[in-house]
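See structure below.
Only the coordinates and a few stated rules stand behind these numbers; no lab work does. In this text the structure is predicted, and so the values were computed from the model without any measurement. Reconstructed Cβ throughout: ideal geometry from the backbone, glycine too, with neighbour counts over all protein chains shown.
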Amino acid sequence: MVRKAVLINQTLAPARETPRLAGLPVLLRAVLLACRAGIEELIIVGGDDPEPLLGRDARVHLSWGWIPVPGTGESELEALRAVAGRLDADFLLFFADSVFDSKAAAALRAAPRDAHLLLVARPADTPEELEPLGASLYLFGREVFSHLADAPPGRIASLYSRLRAEGRAAGLEVQGRLWPRTSERALLRSIHRELTHFNLKPSDGVFARFNKLVVAEPLIRLFLKAPFTPNALSLLGLAFAVGAAAAFFQGNYGWSLLGAVLAYFSAIMDHIDGMVARLKFLESEFGVWLESAVDFSSYLFIFTGLAAGLYRETGQRYHLILGALFAFATIVSFVVMSRQRRLASADNPTDYPNRIHARLEAESRNFFHWFTRKFYFLTRRAVLPYIILFFCLLDLRALLLAWVTFGANLVWILTLYNNRLFTRTPPASAEAD
């Protein structure tokens, strides 16, 4: 398994002024993707000193060094020669303007070279004759430096073509996503849109996809450029929920419509914080916990505010009873689901929804597992805001409160029952291993 990599930086611009993709300098994104792919040692050749960009970034979990080779912008092969005495094993090679998915790099890292000296990663839809043009990822054998002595200055693609003619190089189709090398801002904007689609969760339904790709997409672009952390965005969503609760507390039709709109914005922020975290490599176990805690707290504020507002408007105490039952169900659901998350995805909390859906689908012969799988979407923050808007527009707030109270209590009961799936067998990832 390849542990080392070389990054060729052909720009003379300061590292922090390199083009940005989804809120990050392209060079930093390439380094972070190498980290995700399992690279442990990285040599950066050419360009400006990357210390200001990489030195204090806690996300960079590999050891790295910099070789300030002049003239790197004119010859990639000259840059490769500069590391000849520092590598005694196979290595990945990519560039400061390489854009790829960590899965593609991990697949190339694990690929056997067999008799080949050089492998180039290519997506499934790329014809073989176009393999080296703009390629983002290469796997080199340690013997490559003996072939560079008589090679004229030029691009890695020219070395690939020569070695391919000798039967020493080949293209390798890899899983994951690859884009051509680029620093053009128009193409980077296009890649950003693709990355947003690429970072959707498999468990995202129609409403979640609409919210992320249509409603939230301009806000995602905005917050990627702004100095907001995903956790701060989660708390901003909670602030919208508190505002919604205050509006519902006023207890009339007009205020309830405002409350429904604020509840909608709170739910949209729930999409934004996760997408920003994934695109900026800021996922964390605490962030996953905070997002879940904010979700349940938002429900608690919004619907207890609705119950109090209905009581103020009508004077009927059963609204307060429903509100108390909803609060009880929300707190119990948070506790029960937190335990389920630990059982199902302790090794990867962000994969929790996918694993839950997969296990429920596999056990769909059981009526309760089938029911949970088919109707779970009604409780998601992607769908619930539309339900709130619908009931408030029709001024059916009392019916909305009764419906969500029944649903919240059903959720914790079914979750408690479904936990049996994860106490009998290990999580899905462990089974796959």
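Where does helix 230-249 land angle-wise versus the long Cα axis of the chain, in degrees 0 to 90, nearest 10?
The two axes meet at around 20 degrees.
Please compute the alpha carbon radius of gyration of the chain, then divide it by the globular-protein estimate 2.2 N^0.38 Å. Two decimals is fine.
1.19
With a 10 Å Cβ neighbour count serving as the proxy for reagent exposure, in which order, fewest first, do M337, M269 appear?
Fewest to most other Cβ atoms nearby, the residues stand as M337, M269.
Please name whichever of P180, H197, A37 sits farthest to the positive end of the charge dipole of the chain, dipole taken about the Cα centre and charges placed at Cβ: Lys and Arg +1, Asp and Glu -1.
H197
Using only alpha carbons, build the gyration tensor for segment 199-432 and give me the equivalent ellipsoid semi-axes, biggest first, whole Å.
Sorted largest first and rounded, they come to 29, 23, 14 Å.
Just to be sure I understand: with springs between alpha-carbon atoms less than 10 Å apart, which residue in P349, P385, P153 has the highest mean-square fluctuation in the Gaussian network model of the chain?
P153
Quick check on the exposure proxy: order C35, C392 from fewest to most C-beta atoms within 10 angstrom.
C35, C392
If packing is taken as the average count of other Cβ atoms within 10 Å, what order do 185-197, 352-364 fall into, highest mean first?
Packing proxy ranking, top to bottom: 352-364, 185-197.
Positive end of the dipole of the chain, charges at C-beta (+1 Lys, Arg; -1 Asp, Glu), about the Cα centre: which of V214, H116, L87 has its Cα farthest in that direction?
Checked the options; the winner is V214.
For the charge dipole of segment 199-432, defined by +1 on Lys and Arg C-beta atoms and -1 on Asp and Glu C-beta atoms about the Cα centroid, which residue among F223, L343, A241 has the Cα displaced farthest towards the positive pole?
Checked the options; the winner is L343.
Out of all DSSP beta bridges in segment 4-179, what portion is antiparallel? Express it as a percent rounded to 5.
35 percent
Which order do L396, L172 fall in if you start with the one that has the fewest other Cβ atoms within 10 Å?
If I rank by nearby Cβ atoms, fewest first, I get L396, L172.
So what's the angle, to the nearest 10 degrees on a 0 to 90 scale, between helix 253-279 and the longest Cα principal axis of the chain?
Once rounded, the angle reads 20 degrees.
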